[in-house]
Amino acid sequence: MLDLNIITEADIALPTQPVELRHFINGTWVDSADGAVSERVSPSHGVVVSRAAKGGAAEAEAAILAARTAFDDGRWSRISGKDRAAVLLKVADLIEHHTERLAILETLESGKPISQSRGEVGGAADLWRYAASLARSIHGDSHNTLGPDMVAMVLKEPIGVVSIITPWNFPFWILSQKLPFALAAGCTCVVKPSEMTPATTALLADLLVEAGLPAGVCNIVLGYGLPVGSLMTSHKAVDMISFTGSTAVGKKISEIAAGTLKKVALELGGKNAQVIFPDADLEDAADAVAFGVHFNVGQCCNSSSRIIVHEDIAEAFTARVVDLSRKVAYGNPLNPKTQVGAIVTAEHQAKIDGYVQGAVAEGADIRLGGAALTVAGVGAQFYQPTIVTGLRPDMAIVQEEVFGPVLSVLTFRTLEEAIALANDSVYGLSAGVWSNDIHTCLAFAREVQAGTIWTNTWMDGFPEVAFGGMKQSGQGREIGRYGFEEFLEVKSVVMRVGGGSRGKWVSEG
Ligand code: NDP
C-alpha cells in the first residue's frame, strides 16, 4: 500500500448548476449564430461546471472586426495613459472583489486546488495593477544631435489588434500576463481561452464593462483552436498574436502568421532542470524540488521535471525528495489543505502514464508512485507523485514535456557536466542551481540557455521581471517592461526645422 498524504473531504459545496457562458463581442454578450455549445465536466468531481457558447468563424470574424474598428477610431488607442491606467486599476479592484467566485470556477474547470486558485486570482489582480503603472510611462527617444536644422523623435505606438490565445493550465493567470499589458499599450484584443477552461475568461467581461472599458476594445470568443484560434492567427486585420500553449501548436501559429507577417509572441513548453551541488542548503533544495515537480500536478511550463544531482549526494537527496513527496497533500481540490489536485483530462492522464511505463520498459527504477490515483469519494483522474531514477539522458521521459507529477533524476560529477546536461534539451524556458558558492551559481547562470535562471530558489516571479523562453520554449517576453514593449511599435519621426532647405537632389541646369 502506497503511503501518501491524501485528502478526501471537501470544504466547499459543489455548484447545483453549471455557469452559462457567452461570447463578448463589441460590448455585447452573444450566443453562437448556430446555437452550438460545449460543456466542461470537472476533472475532479465529474459534474458539469460550465456550458459555453462554442464559437465558429462567424464569431471570430465579428470579434476581429470589432477590435479593428475600436483600434482604428482611437477610442482606446488615442486616449491618455492616465485614462487607460484608471480603467486597469478598477479591473484589478474588481478581480480582488470577486476572487472567491473566480477561484471556485477555476478549480472546478481545471482540477487545481482552491488555495492555489485563490493565489492565482489574487496575483492576477497585481498584474493588472502593475500594467496600469506602465500605461503612464510609455515614452520613446529624441535626437537633438543631428545638426542645426534636424531633430528626430522615436515614438512608441500600440501595435494594433492583438489575438490572445491561452491554455488550460493557468487560465486566468496567463490571460493576465497578456491582456492588461496589451491594453496598457493601447492595443485592442480578441481573446480565446482553452475550450476546457473558459469560465474565468468569460466572466472577466463583466468586470471590464463595470470598470468602463469601451465596447470593442476587448472581445472574447469561446471555442476551439479550429476554427477560432486558427482564424485569429491568419486574419489580415490582426497585427500580433500572443500565444501560450504547446510547442507543436506554437510552430503551427508561426507558420500561419507568416502569411501576413504579423508579429508572434510565443510562450511554449519546457523541460526545466534544477541542479543540486553538495554545498547547497539541501533541505531547502529538496523542498523546492518537491514544489517544482508537484505544483499544479506538474501541468506547468515551469515544472522542474528533471533534477541533476551531484553523485556524492544523489542517493540521500533522492531519498529525501521521496520522503517529502509522500507528505504533499494530494486530493480533493475543494479543500483548502489540498496542495495538488486532478489531471485535466483522462487522455492526458494516460499520456503521463505512458511516459512512466515507457521508462520502466527501458530499465528505469520507480522510487515513488508510477500509477494513476483514485481519491475516495472524489474521482479517478489523479496521478501519484512519481520519482524515477536509473535514467539515460536520451530517454523520452528525460527529454519530453511529461506535464505530470513525474520527476526524472540524473547525476553529475563536474560543473561543466551539469551545465551540459541542463542544456541537453530542445527547450530553454527555466533552470535552477543550488549552491552556496556564488561563482558556481554565476557560471551556471551565464552558461545555461534558459529565459529564467533561479539560484537557491524555484519559480519565484514578479510582475516587474520578464518571463519567456529560449530555443523551442518560445520567442518574445511577457510581463515586466520587456513584456510590455512587445505590444508597442516603434515609429521614427525625422524633422527638418528652422525653415532651411534640404538642398536640391535634381539638377535643372
Ligand atoms: P495547445 O497548444 O493544443 O492549446 C493551447 C491553446 O491553443 C488552446 O486555446 C487551444 O484551443 C489553442 N489552439 C489549438 N490549436 C490551435 C490552432 N491550430 N490555432 C490556434 N490556436 C490553437 O495545448 P493543449 O491545451 O492541447 O495541451 C497540450 C500540451 O501542450 C500539454 O500536454 C503540454 O505539453 C503543452 N502545454 C503547455 C503549456 C505551457 O504553459 N507552456 C500550457 C498548456 C499546454 P483548444 O484547446 O480550445 O482547441
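None of the figures in this text is laboratory data; all of them are computed from the coordinates on show. Please read all numbers here as calculations on a predicted model, not as lab measurements. Please note: Cβ atoms are built from the backbone with ideal geometry, for glycine as well, and neighbour counts cover all protein chains shown.
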Simple spin-label estimate for residue 12/residue 34, 7 Å along Cα→Cβ, in nm, reads 3.5 nm
Binning at 10 angstrom from zero up to the longest distance, how are the C-alpha pair distances of region 220-283 distributed in percent?
19, 40, 15, 11, 12, 3
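Taking 4 °C and 1.567 mPa s as the conditions, I'd like the Stokes-Einstein D for region 273-455 in µm²/s, using the Kirkwood hydrodynamic radius from alpha carbon pairs. Walk me through the numbers before you get to the answer.
Working: Rh = 16.5 Å.
For the chosen part, D equals 79 µm²/s.
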Where N is the number of residues in the chain, Cα Rg divided by 2.2 N^0.38 Å
1.05
Given 282, 503, 235, which one lies farthest toward the positive end of the charge dipole of the chain, if we put +1 on the Cβ of every Lys and Arg and -1 on the Cβ of every Asp and Glu?
503
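Convex hull over the alpha-carbon atoms of region 172-314: what's its volume per residue in Å³? Intermediate values should be presented prior to the final figure.
Working: hull volume 21.7 nm³, N = 143.
Convex hull of Cα atoms, per residue: 152 Å³.
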Karplus (6.51, -1.76, 1.60) ³J(HN,Hα), θ = phi - 60°, over region 174-189, in Hz, Gly and Pro reported as x:
5, 4, 7, 7, 10, 4, x, 6, 5, 5, 4, 6, x, 6, 10, 9
Within region 4-25, list the residues whose amide N lies under 15 Å from a label point set 7 Å along Cα→Cβ of residue 100.
11-15
Quick one: if the Förster radius is 25 Å, what FRET efficiency do residue 445 and residue 394 give, using the C-beta to C-beta distance and rounding to 0.05?
0.45
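Restricting to the chain, what percent of DSSP beta bridges are antiparallel, rounded to 5?
Antiparallel bridges make up about 40 percent of those DSSP assigns within the chain.
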Note down the nm distance, to one decimal, between modelled labels 7 Å out along Cα→Cβ at residue 69 and at residue 157.
2.2 nm
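From the P(r) of region 12-139, can you give the percent of Cα pairs sitting at distances over 17 Å? Write out the running numbers ahead of the final one.
Details: 5650 of 8128 pairs.
Value for region 12-139: 70 percent of Cα pairs lie more than 17 Å apart.
Under the 0.36 nm per residue contour assumption, what length would be gained going from the current alpha-carbon distance of residue 489 and residue 346 to full extension?
47.2 nm
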Taking other Cβ within 10 Å of each residue's Cβ, how do 382, 487 sort, fewest first?
382, 487
Summing -39500 (n - 2.57) over the DSSP H runs of n ≥ 4 in the chain and dividing by its residue number, what mean residue ellipticity at 222 nm do you reach, to the nearest 500 deg cm²/dmol?
-11500 deg cm²/dmol
Computed on Cα atoms, the radius of gyration and Dmax of region 351-439 in angstrom are 15.3, 51
Of all beta bridges DSSP finds with both residues in region 273-455, what is the antiparallel percent, to the nearest 5?
20 percent
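Using the scaling law 2.2 N^0.38 Å as the reference, what is the normalised Cα Rg of region 376-500?
Numbers: Rg = 21.1 Å, N = 125, 2.2 N^0.38 = 13.8 Å.
So the Cα radius of gyration is 1.53 times the expected 2.2 N^0.38 Å.
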How much length, in nm to one decimal, is gained on full extension between residue 5 and residue 323, taken as 0.36 nm per residue of separation minus their Cα-Cα distance?
113.4 nm
Flagged as over-length at 27 Å C-alpha distance, from 192/471; 90/178; 54/178; 156/263; 82/252, the pairs are 82/252
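Could you give the dipole magnitude of the chain about its Cα centre, charging the beta-carbon of Lys and Arg +1 and that of Asp and Glu -1, in debye to the nearest 20?
1520 debye
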For region 409-509, run through the trypsin sites (Lys or Arg not before Pro) and keep only the ones in DSSP coil with at most 16 other Cβ atoms within 10 Å of their Cβ.
413, 502, 504
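Direction-averaged shadow area of the convex hull around the Cα atoms of region 50-114, nm²?
Numbers: hull surface 25.6 nm².
Result: 6.4 nm².
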Label point 7 Å out from residue 260 along Cα-to-Cβ: which residues of region 207-229 have amide N under 14 Å?
228-229
Which aspartates and glutamates have a Cα less than 13 Å from the Cα of residue 112, not counting those fewer than 8 places away in the same chain?
120
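By how many nm would the segment from residue 497 to residue 145 lengthen if fully extended, with 0.36 nm per residue of separation less the alpha-carbon distance?
Values: separation 352, 0.36 × 352 = 126.72 nm, distance 1.29 nm.
Answer, rounded to one decimal: 125.4 nm.
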